[in-house]
Amino acid sequence: MAKPKTIFYCRNCGTQSGKWLGRCPSCGEWNSFDEEVIHRTEKAGPRRPASPGSAKPRLIKDIESSGTKRIDTGNQELNRVLGGGLVAGSITLVGGEPGIGKSTLMLQMALQMPSCKVLYVSGEESGEQIKMRADRISTNPSECYILTETLTDQIMNNIDSIEPQLVIIDSIQTLQSSSIESSAGSISQIRECASELQQYAKTSGVPVILIGHITKDGAIAGPKVLEHMVDTVLQFEGERNYGYRILRGAKNRFGPASELGIFQMQGNGLREVSNPSEIMLTRHDEAVSGITLAATIEGLRPMMIEIQALVSSSAYGTPQRSATGIDGRRLSMLLAVIEKRAGFRLGPKDVFLNIAGGMRIDDPATDLAIAVAIISSSEDMPVDSKICFAAEIGLSGEIRQVNRIEQRMAEAARLGYETIIISRYNARLDALPDLGIKVVALTKIEEVIRYLFA
Ligand code: TYD
Ligand code: MG
């Protein structure tokens, strides 16, 4: 019998090593190597002869493209993130923290898929628990089979007998393959099980969805390793205290990455939020200082979001800076620009910044709205609630142009805003169509302040 082989894996990025290392040479993480004993049952012998079913090289022009064949998931937000539906033979990873609603989303999809035979494999919950959840979500009778199993061989046997059109695995961390002896959830198991499922998806053309847990500090590494293997990675996230959940495309071989799907967790499952602007805004009857509106684009969708800033004298020696929903470094940069270019003394003050609704925003077009919110709070001068902003701020305090300005303007106009402040440097400024919103194009942050508060 072959001697069992020991391999060390980095918990963070999956790098292999023959010996234990204190620091991963690939991702730089400290103390992240775990030992795993690997017994492979199959022997690595001489090269096997080609079997009749094995792949042969083909000319690219002879390969049929099935790019347009997508399976409708019955859920518009999910379809949007996937780029129009599930692609045949694709493998999709849905990652997220425990309790965020991955199982709910997938079960809901399985129950609502129009005329599609779905196999939902759960290694985490019993059939009764899943049934209880299904009763909460939907009363639609659908062709959804539930299998509570963790061994991949058994799952494959059941797949052969049921012949589903979609397989959902909840979760990849609970699966176990008999060809590897380490415990479920270990990196080698996760890899092996995922590659077995990938093999199945590619040969049968049936899409497979894997659910994977990930914790805030990235302690469970499985999904990171998986990201390279799968076609599509979707991240399900949200502030647990808000009911909103965001499904983000992090990688997509068949569609736009960075697209967003928005849901609201309710008593009867996840509601699709097709009009995100309306949930991100809180209507104020009177103007309040420190509140501004930014016309952003997340994915391909324009969205109005509310920025809230609070600037107050620091009670302690060290002023606090806290940003929820935007990058803290971006906030520091904007504070420095406001201080240096617009002459507001913010150094000794506490600054708190918040995106209403618990959203996380990466769009640089929110810069101007953030800066104005901070100044408005610092000076205690409210900004007219009919004005919104869409511009980036440069280090010299210049107002920079942002992409797809027409789309942002149209969304702002649709929601009843009367003025939008943008950059004078926008290309084709003169050619902007009349969308029923007044456009104020400026070049410097000082000009914006003069326009708003003078
Ligand atoms: P779940 O899908 O089990 O999360 P995950 O699979 O990501 O671990 O979601 C669990 C949470 O969702 C739980 O806190 C209860 C809540 N929930 C609702 O609010 N409404 C519902 O209809 C359902 C099914 C769950
Ligand atoms: Mg779950």
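The values are calculated or read from the model by the stated rules, or taken from the named source; none is laboratory data. None of these values were measured; they are calculated from a predicted model. Cβ coordinates were reconstructed from backbone atoms using ideal geometry, including for glycine residues, and neighbour counts include every protein chain displayed. Surface accessibility is based on the protein's heavy atoms, side chains included, excluding ligands, DNA and RNA. Shrake-Rupley method; radii C 1.70, N 1.55, O 1.52, S 1.80 Å.
The table below gives the values:
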read-out	value
Hits in the range 180-191 (condition: surrounded by 17 or more Cβ atoms within 10 Å (Cβ to Cβ) and in contact with a helix residue (DSSP H, G or I) (Cβ under 8 Å, 6 or more places away or on another chain))	I180, S182, G185, I187, I190, R191
Qualifying residue in the range 314-326 (condition: open to solvent by 70 Å² or more (accessible area, probe 1.4 Å) and basic (K, R))	yes
All positions within the range 110-123 that are more than 11 Å from ligand 2 (Cβ to nearest atom) and either assigned to a loop (DSSP other than H, G, I, E, B) or in contact with a strand residue (DSSP E or B) (Cβ under 8 Å, 6 or more places away or on another chain) (or both)	A110, L111, M113, P114, S115, C116, K117, V118, L119, Y120, V121
Boolean, R245 is more than 16 Å from ligand 2 (Cβ to nearest atom) and at pLDDT 85 or above	no
Positions within the range 169-196 being part of a helix (DSSP H, G or I) and among the hydroxyl-bearing types (S, T, Y), in sequence order	T174, S188, S195
Looking only at the range 101-126, and only at residues there that are of a type in the set (V, I, T) and within 14 Å of ligand 1 (Cβ to nearest atom), the one that is most open to solvent (accessible area, probe 1.4 Å)	T104
Tabulated pairs, the range 256-272, first free of Cβ contacts under 8 Å to residues at least 24 places away in the same chain and assigned by TED's automatic domain parsing to the domain that holds I130, second aromatic (F, W, Y) and surrounded by 14 or more Cβ atoms within 10 Å (Cβ to Cβ), C-beta under 6 angstrom, 6+ apart or interchain	Q264/Y244
Selected residue (only one of L429, L395, L368, L415 is out of contact with any Gly (no Cβ under 8 Å at 6 or more places or on another chain) and crowded, with 19+ Cβ neighbours inside 10 Å)	L368
Matching residues in the range 80-97 - criterion: being under 15 Å from the mean Cα position of the chain (by Cα) and either crowded, with 20+ Cβ neighbours inside 10 Å or within 16 Å of ligand 1 (Cβ to nearest atom) (or both)	R80, V81, L82, T92, L93, V94, G95, G96, E97
Matching entry among I291, I307 (being open to solvent by less than 10 Å² (accessible area, probe 1.4 Å) and at pLDDT 90 or above)	I307
Residues that are surrounded by fewer than 17 Cβ atoms within 10 Å (Cβ to Cβ) and modelled with pLDDT under 75, drawn from the range 258-280	S258, E278
Residue in the range 296-307 that is farther than 16 Å from Y417 by Cβ and more than 25 Å from the chain's Cα centre (by Cα) present	no
Identity of the residue in the range 133-183, away from ligand 1 (no atom under 15 Å from the Cβ) and touching a residue at least 60 places away in the same chain (Cβ under 8 Å), that ends up nearest to G99 (Cα to Cα)	L166
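A quick yes/no check of all residues on (1) of a type outside the set (A, V, I, L, M, F, W, C); (2) touching a strand residue (DSSP E or B) at 6+ places or on another chain (Cβ under 6 Å); (3) open to solvent by less than 30 Å² (accessible area, probe 1.4 Å):
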| site | (1), (2), (3) |
| --- | --- |
| E128 | yes, no, no |
| D135 | yes, no, no |
| E143 | yes, no, no |
| T150 | yes, yes, no |
| D153 | yes, no, no |
| M156 | no, no, no |
| E163 | yes, no, no |
| I168 | no, yes, yes |
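Yes/no per residue for (1) modelled with pLDDT of 90 or more; (2) small (G, A, S); (3) within 16 Å of ligand 2 (Cβ to nearest atom):
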| position | (1), (2), (3) |
| --- | --- |
| G99 | no, yes, yes |
| I137 | no, no, yes |
| T150 | yes, no, yes |
| D153 | yes, no, no |
| M156 | yes, no, no |
| I168 | yes, no, yes |
| S171 | no, yes, yes |
| Q189 | no, no, no |
